[in-house]
Amino acid sequence: MRWVGLQSHHRVVLQLVIIGLAITLEPLTIVAFILLLASQRGTWKGLAYILGWTACLVAVIAVVLSATGGRPPRPHTAPSTAVLVVKALLGILLIWVGIRRRRRRGLPRKPPTWMGWLDRMSPWAAVGFGAFMQPWSLVAIGAATVVQAKLSTVGDWLALVGFCLLATWSFLVMELYATFRAKAAEVRFGQLQTWIEAHQDQAIVVGSLVVGSWLLGNSIYLIVS
């Protein structure tokens, strides 16, 4: 029984790591942050963006933890099955996003309307922008995974903190680089933006299909096992 519980714990931690990586490497949010850093007072706006992003992510997790009390529903009960069904549906959503983006690959796209006012954005507006830019499908998957986490030890809480840091990691690295190596960062970020824009569709297709298929398969396996 203890071995089963340990396996379940490791499975949840692995899921949080994968979801955290998917969040932090989401192409559109990385490009948005690069453009924000390149705008006037970019480093201050970048810091405000990170604060808004992190506060929103922490708020979602706090709501989930307040509802569960850090105690996941027991396996093979109605609540635990409902969580797995939600995760399976979110996996299907990601697969659909990947298939849809693959079909539209190569078609001309208009830049998002918010790109035009990044230069005029105030740091306070950047806080809200950070919250707005959350990839909500992935955040929802993370929240559903947190429901399954049993937070009974310091290690469990550290894993949760690690998830939040991992989901914010790319922005933290870019913010520090832009602060201490401004000239080099301008060149590097320009190159990175060009590369991402050229490979954005492929990244979204592969990421959505891989994460969605894994999530769907894992959820179905746990439901029927």
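Observations, loosely collected:
- Site pair Arg105 and Gln193 shows an inter-label distance of 2.5 nm when each label is modelled 7 Å from Cα along Cα→Cβ.
- The calculated FRET efficiency for the pair Thr81 and Trp124, based on their C-beta separation and a Förster distance of 25 Å, comes to about 0.05.
- Which of Arg11, Arg74, Arg188 is most accessible, then next, and so on - probe 1.4 Å: Arg74, Arg188, Arg11
- Principal-axis tilt of helix 2-24 within the chain, Cα atoms, nearest 10 degrees: 20 degrees
- Stretch gain in nm, segment Val17-Arg181, where the contour uses 0.36 nm per residue and the Cα spacing is subtracted: 56.1 nm
- Across the chain, the convex hull enclosing all Cα atoms gives 125 Å³ per residue.
- Cα gyration tensor, the stretch 133-225 - rounded (a/c under 1.5), prolate or oblate: oblate
- Highest GNM mean-square fluctuation among Leu158, Leu93, Leu209, for the chain modelled with Cα contacts below 10 Å: Leu158.
The values are calculated or read from the model by the stated rules, or taken from the named source; none is laboratory data. Since the structure is predicted, the reported quantities are computational estimates derived from the model, not experimental observations. Glycine gets a Cβ as well: all are built from the backbone with ideal geometry, and neighbour counts include every protein chain shown. These area figures cover heavy atoms from the full protein model, side chains too; ligands, DNA and RNA do not enter into them. Shrake-Rupley method; radii C 1.70, N 1.55, O 1.52, S 1.80 Å.
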